[in-house]
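Structure record follows, encoded as structure tokens.
The values are calculated or read from the model by the stated rules, or taken from the named source; none is laboratory data. Keep in mind that this is a model prediction, so the values were computed, not measured. Every residue, glycine as well, gets a Cβ built from its backbone with ideal geometry; the counts of neighbours run over all protein chains shown.
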Amino acid sequence: MPNMNGFEFSAKILELDLNVRICYITAGEMNTEALREQYPTLSFGCFIKKPVTVDNLVKRVKEEIGLAAIMHQTSSHRCIEEC
């Protein structure tokens, strides 16, 4: 992307919807601690290393969707109990 990197783009997306789950696809090794320092408001739970097959990509996205559903259910229950 010519005007911003993927992490800057992620931050813009999250400004619109905090519930979005983002998977980063990369060819390089990621230093997640350095990324957390540079982008403290982003979540770095899903990194997919290239090369990736379609089957593995679909599997990982399904896993992330499942995690999002579990997190949503947990936060809904917590709100009912705490609110």
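Some notes on this structure:
- Subset tally (residues that are in contact (Cβ under 8 Å) with a residue 12 or more places away in the chain and farther than 14 Å from Asn5 by Cβ) for region 31-43: 3
- Here Glu33 fulfils each of the conditions (1) modelled with pLDDT under 85; (2) surrounded by 10 or more Cβ atoms within 10 Å (Cβ to Cβ) apart from (2).
- For the condition of a type in the set (Ser, Thr, Tyr), modelled with pLDDT under 80 and touching a Leu at 6+ places or on another chain (Cβ under 8 Å), Thr74 does not qualify.
- Contact map, region 11-30: first residue free of Cβ contacts under 8 Å to residues at least 12 places away in the same chain and over 25 Å from Val52 (Cα atoms), second residue among the charged types (D, E, K, R) and loosely packed, with under 10 Cβ neighbours inside 10 Å, Cβ cut-off under 8 Å, separation 6 or more or different chains; the map is empty.
- Selection within region 14-26: residues that are among the hydrophobic types (A, V, I, L, M, F, W, C) and under 11 Å from the mean Cα position of the chain (by Cα). The member of this set that is surrounded by the fewest Cβ atoms within 10 Å (Cβ to Cβ) is Leu18.
- Evaluation of Ile48 against the conditions (1) hydrophobic (A, V, I, L, M, F, W, C); (2) assigned to a loop (DSSP other than H, G, I, E, B); (3) in contact with a Lys or Arg (Cβ under 6 Å, 6 or more places away or on another chain) shows that the sole unmet condition is (2).
- Test for Phe7: is it modelled with pLDDT under 75 and under 11 Å from the mean Cα position of the chain (by Cα): no
- Residue ID - farthest from Phe7 (Cα to Cα), chosen from residues in region 44-57 that are among the aliphatic types (A, V, I, L, M) and either within 11 Å of the chain's Cα centre (by Cα) or loosely packed, with under 11 Cβ neighbours inside 10 Å (or both): Val54
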